[in-house]
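Below is one structure; the comments refer to it alone.
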Amino acid sequence: MRYRELGRTGLRVSELGFGTIPILSGHVPVLPEYFSPDRDTAVAIMKNAFDHGCNFYDTAIPEEYGDAEMKLGAFVKTVDRSKVIISDKARFYSGAEIYREVLRSVQNLGTTPDVYFVHQVDDSNADEVFGKNGALEALYDLKREGKIGFTGIASHYYSVLHRAALDPRVDVLQGSGNILERGMLDRIREEADFRGKGFILNKVYAAGLLIGPFSTTELIGGVLEYPFSCALLGIGTFEQEEVAFAREYEPVHFEFEEVLERLRKTFAPIGCDRCEKCICPYGHELHTSFRQFNYYHLGKEFWAVNKLWMDLERTYEHCRSCEEQPCMRDCPRGLHIPEEIERVHRLIMQYGKT
């Protein structure tokens, strides 16, 4: 296992980390498959990862990750605490709420989290998170009080992560990316503002959906060229743990077109890398629609359709009538976005008839 610096925190984290969603038990709305091992089995899986050199473990509060937080706390009691780095997170945006959740997480874990993230920050709640009496201010206070080690912002949006990169109160960022959805990673690599911040990468396997078209060696090796601190892998079984952590990976470079060509063996993907540069005058997240189209064909039909139904009809109507089309001007992949939205709409209309 290789290790990287976690920004300016002084912590050295394993290049690959343990994502705890797959070990949860409980009814929570998460995308990846999870396996619901009992506590002793979950602890044993985490211990195996530790023995292979993994020292970074990421979890969240029970409403998001079921009992994973408690299982992680049970694991930490079996090893030298100074050799394990824990990140936790909660989807609360006011200072009072996040303060309360941190105290509850400390109780569930039985220890102080090394990093605590405000989770799922987007443009609709960012002003509250970063503003006066917001969650970030509370985390900064908790850090000074010694109740957490470092502060973090977790988001799927480049605009939020860039704002966090510029904020001196933020120590660590967490964002998503993989060899398909690489656009945000490319932008972060090119932007000097991100240097000095720790960066935790998630969705390396695209919630498991890219396993099949690609091997784990290709998926992990394919992200190693990016400047992250630790890449999280969702682990739910002994077999997954062994595959992920029992070897050292070398970088593998894929051109974006190579990735699309591999996917074309099973379906016609939309060639969006989720750089998030497509600006819609009506505020629609076009890249999210394209992501769910690809996810549908990669095996998450029900989840993708539910996501698409939320806003697709308005997106479709606005896209058909839009005369400005700045999205096409700004798309570095040269997508004809109205045509792609038409493809997404046809898929959902057909799904509704079956």
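Identify all residues within segment 51-66 that are of a type in the set (D, E, K, R) and in contact with a Gly (Cβ under 6 Å, 6 or more places away or on another chain); write none if there are none.
58
With the requirement that a residue be touching a residue at least 40 places away in the same chain (Cβ under 8 Å), within 18 Å of residue 189 (Cβ to Cβ) and either among the charged types (D, E, K, R) or not in a loop (DSSP other than H, G, I, E, B) (or both), what does segment 138-163 give you?
Residues satisfying the conditions are 158, 159.
Scanning for something modelled with pLDDT of 95 or more, in a helix (DSSP H, G or I) and surrounded by 23 or more Cβ atoms within 10 Å (Cβ to Cβ), does segment 111-124 turn up at least one residue?
No, the conditions are met nowhere in segment 111-124.
Every residue in segment 28-39 that is modelled with pLDDT of 95 or more and buried (at least 17 other Cβ atoms within 10 Å of the Cβ), please.
37
Please enumerate the residues belonging to segment 1-27 that are in a loop (DSSP other than H, G, I, E, B) and surrounded by 17 or more Cβ atoms within 10 Å (Cβ to Cβ).
6, 7, 9, 11, 15, 20, 24, 25
Can you tell me which residue within segment 229-246, out of those that are outside any helix (DSSP H, G or I) and in contact with a helix residue (DSSP H, G or I) (Cβ under 8 Å, 6 or more places away or on another chain), is surrounded by the fewest Cβ atoms within 10 Å (Cβ to Cβ)?
Taking the candidates together, the pick is 237.
Test each condition in (1) surrounded by fewer than 22 Cβ atoms within 10 Å (Cβ to Cβ); (2) touching a residue at least 24 places away in the same chain (Cβ under 8 Å); (3) of a type in the set (Lys, Arg); (4) out of contact with any helix residue (DSSP H, G or I) (no Cβ under 6 Å at 6 or more places or on another chain) for residue 169 and report the one that comes out false.
Failed condition: (4).
Using the structure shown, decide if residue 91 is within 24 Å of residue 130 (Cβ to Cβ), without any contact (Cβ under 8 Å) to a residue 40 or more places away in the chain and not β-branched (Val, Ile, Thr).
So residue 91 passes the test.
For a quick check of your reading of the model, give me the residue pairs whose first member lies in segment 267-294 and is closer than 17 Å to residue 338 by Cβ, whose second is among the hydroxyl-bearing types (Ser, Thr, Tyr), with beta-carbon atoms closer than 7 Å and at least 6 apart or on different chains.
Matching pairs, first to second residue: 284/315; 289/315.
So residue 80 passes all but one of these: (1) acidic (Asp, Glu); (2) within 19 Å of residue 57 (Cα to Cα); (3) surrounded by 17 or more Cβ atoms within 10 Å (Cβ to Cβ). Which condition number does it fail?
(3)
Every residue in segment 44-89 that is hydrophobic (A, V, I, L, M, F, W, C) and not in a helix (DSSP H, G or I), please.
Passing the criteria: 54, 56, 60, 61, 79, 84, 85, 86.
Restricting to helices (runs of 4 or more DSSP H) lying wholly in segment 257-323: which have 1 or more residues that are within 19 Å of the chain's Cα centre (by Cα) and either surrounded by 18 or more Cβ atoms within 10 Å (Cβ to Cβ) or not aromatic (Phe, Trp, Tyr) (or both)?
In segment 257-323, the matching helices (runs of 4 or more DSSP H) lie at 286-297, 301-309.
Look at residue 339 and say whether it is outside the structural domain of residue 186 (by TED's automatic domain parsing), out of contact with any Phe, Trp or Tyr (no Cβ under 9 Å at 6 or more places or on another chain), in a helix (DSSP H, G or I) and free of Cβ contacts under 8 Å to residues at least 24 places away in the same chain.
Taking the combined requirement at face value, the residue satisfies it.
Suppose we keep only residues that are part of a loop (DSSP other than H, G, I, E, B) and either at pLDDT below 95 or of a type outside the set (A, V, I, L, M) (or both) within segment 193-205. Which one would you say is nearest to the chain's Cα centre (by Cα)?
Step by step, filter segment 193-205, then rank; the result is 203.
What residue, of 42, 68, 60, 74, is surrounded by 24 or more Cβ atoms within 10 Å (Cβ to Cβ) and over 26 Å from residue 138 (Cβ atoms)?
Of the residues listed, the single one that is surrounded by 24 or more Cβ atoms within 10 Å (Cβ to Cβ) and over 26 Å from residue 138 (Cβ atoms) is 42.
The values are calculated or read from the model by the stated rules, or taken from the named source; none is laboratory data. Just so it is clear, the structure is predicted and the values come from calculations on it, not from any experiment. When we count neighbours, we look across all protein chains shown, and the Cβ atoms used for this are built from the backbone with ideal geometry, even at glycine.
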